[in-house]
Amino acid sequence: MRLMRGLPMGIKMGMCAVVLLCASIACAEEKRWVASDGTSLKVEASATSENVVDLLVGTEVSVVETGGRWVKVRTEAGATGWVYAGRLAETRPSAEVAGTDDPLFGESMKKSQITTAKADSARSIRGLSPETVSYAKSRGTSETCKKSLEKILGRKVSAMDVRSFLKEGKIGEYAQNTGRGK
Amino acid sequence: MKKLLFLTVTLVLCSSVFASADFFDTIQSVVSPDSKEGKIIAGASQMLAGSKDIDYKTERTIGEGLALEGLTRFGNPVKNDQLQQYVNLVGNALAANSKRPTIPYSFAVLDSPVQNAFAVPGGVIFVSRALFTVLENEAELAGVLAHEIGHVAAKHALKSTQRAQMIQGAGAITAASVGGEKGKKLADTVGNLQTMLFDKGLDKDMEFEADLAAMETVYRTGYDPAAFIKVLEKLQKLEATSKDKNGSWFSTHPPLAERIARLKAKLATYPDYSTQAHVDGRFQKYVKMK
């Protein structure tokens, strides 16, 4: 405030107005939250563009610019890049979802920010849990049904498989201008 | 009015004193679900159910038990690995954009002649072979799968029964404890949910919620959300001529006309929906293989 001493009242008021304007612009910056698993910040508004950084579900970002179905955002850490609009939500995901509630891989994913590939391998080790085996025994469930469920739970679908699948079908962020897929 | 007031006060007192799943389930079983008393009990039960979270391991154990019962009742998976993998790819692409994207999901096409799809807690989702006769492209399949993902994400089945709370109440479920009292409670819960999922159907508000969630998930993934409405319209035509509705989407879901009307209202919020993907060729390639 000492710096402003001696300045004419009009200039003081003008400076205050500028400060207030800057503050209001900062406050008005739109917020979004990452809502989809396997989201990456891209250098350009294209699914095939290079990754800047992978973003976990629940990450808060500020909108810098919008361009059709892509949104340019800035993370709290200061990284800037593009995210497909379908991967962002206007409201913060619940704490349970953002933290991921699967004890088999959720906590490690949350704490160590491990890659999607590692999370995928954790997913793929699923089979019948010991509790389910005990339940099946107590109910006299047929071996065929047990083996069927074991096979269903053991099927592997990685995040990379899903990306290739969407790309092949030209779906979402991989859509061309027609957007119809093949 | 006095009767209703008495019933409500009784329920509140009992819930605080006993917090008993069996108590609520017993009352629910003797009162007509369409009566005023039935609706109050269902609401109170759901409120209490929603007040406590069940851990994922317990949720998954209940779901796997239900999955075994579903396989026993509706048949084993269609023996076509490429079709099963295809459905898992569509399903997992959708699940990543659902309201609960951070748990693992598994999908299977069952060799069942009944047109149905159902989800069990924890993320295992089944679609019947017969339902594929109604579907014409990947976006339509996506609508059906996303509806079921919506149930898993919102934990609808678990919120529908108090019994699930009782399993968790006495500590973590283990393989050893499944053989004892806890095992009995697990069997009770699975039995209760079986009736609800396979015969009676979930609460109709839960179905509407899953429909709207499906549309959002389908749209965010990049499929045309109008395709889901088309599926329901085709089922509506089939319903009119169907003689045996047992165990089908007709018998376990709310009236299709109301669902379609609500979805059409929601569709208006997606101005660019018609530019989204349908993916006919790939769908035909895998589904013809079945």
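The values are calculated or read from the model by the stated rules, or taken from the named source; none is laboratory data. Just so we're clear, the structure is a prediction, and the values are computed from it rather than from any experiment. Heads up, the Cβs are rebuilt from the backbone with ideal geometry, glycines too, and the neighbour counts pull from every protein chain shown.
In region A:51-82, what count of residues is obtained for those that are charged (D, E, K, R), outside any strand (DSSP E or B) and farther than 13 Å from residue A:34 by Cα?
Summing the residues that are charged (D, E, K, R), outside any strand (DSSP E or B) and farther than 13 Å from residue A:34 by Cα in region A:51-82 gives 1.
Please specify each residue of region A:151-163 satisfying the condition of being part of a helix (DSSP H, G or I) and under 18 Å from the mean Cα position of the chain (by Cα).
Scanning region A:151-163 gives A:159, A:160, A:161, A:162, A:163.
Quick check, is residue B:200 surrounded by fewer than 22 Cβ atoms within 10 Å (Cβ to Cβ) and at pLDDT 90 or above?
No; evaluated as a whole, the condition is false for this residue.
Taking region B:75-120 only, how many residues are facing chain A (nearest Cβ under 7 Å), among the hydrophobic types (A, V, I, L, M, F, W, C) and touching an Asp or Glu at 6+ places or on another chain (Cβ under 8 Å)?
Residues flagged as facing chain A (nearest Cβ under 7 Å), among the hydrophobic types (A, V, I, L, M, F, W, C) and touching an Asp or Glu at 6+ places or on another chain (Cβ under 8 Å) within region B:75-120 amount to 3.
When you check residue B:277 against the structure, is it surrounded by 17 or more Cβ atoms within 10 Å (Cβ to Cβ), modelled with pLDDT of 95 or more and more than 14 Å from chain A (Cβ to nearest Cβ), yes or no?
When the stated conditions are applied, residue B:277 does not pass them.
Quick check on this structure: which one of B:130, B:119 is at negative phi, of a type outside the set (D, E, K, R) and either buried (at least 24 other Cβ atoms within 10 Å of the Cβ) or not assigned by TED's automatic domain parsing to the domain that holds residue B:231 (or both)?
B:119
Exactly one of these conditions fails for residue A:122: (1) at pLDDT 90 or above; (2) part of a helix (DSSP H, G or I). Give me its number.
It is condition (1) that residue A:122 fails.
When residue A:92 is evaluated against the numbered criteria (1) in a loop (DSSP other than H, G, I, E, B); (2) at pLDDT 90 or above; (3) surrounded by fewer than 18 Cβ atoms within 10 Å (Cβ to Cβ), which criterion, by number, is the only one it fails?
For residue A:92, the exception is condition (2).
Any residue in region B:157-168 that is surrounded by fewer than 16 Cβ atoms within 10 Å (Cβ to Cβ) and either modelled with pLDDT under 90 or farther than 29 Å from residue B:139 by Cα (or both)?
Within region B:157-168, none of the residues are surrounded by fewer than 16 Cβ atoms within 10 Å (Cβ to Cβ) and either modelled with pLDDT under 90 or farther than 29 Å from residue B:139 by Cα (or both).
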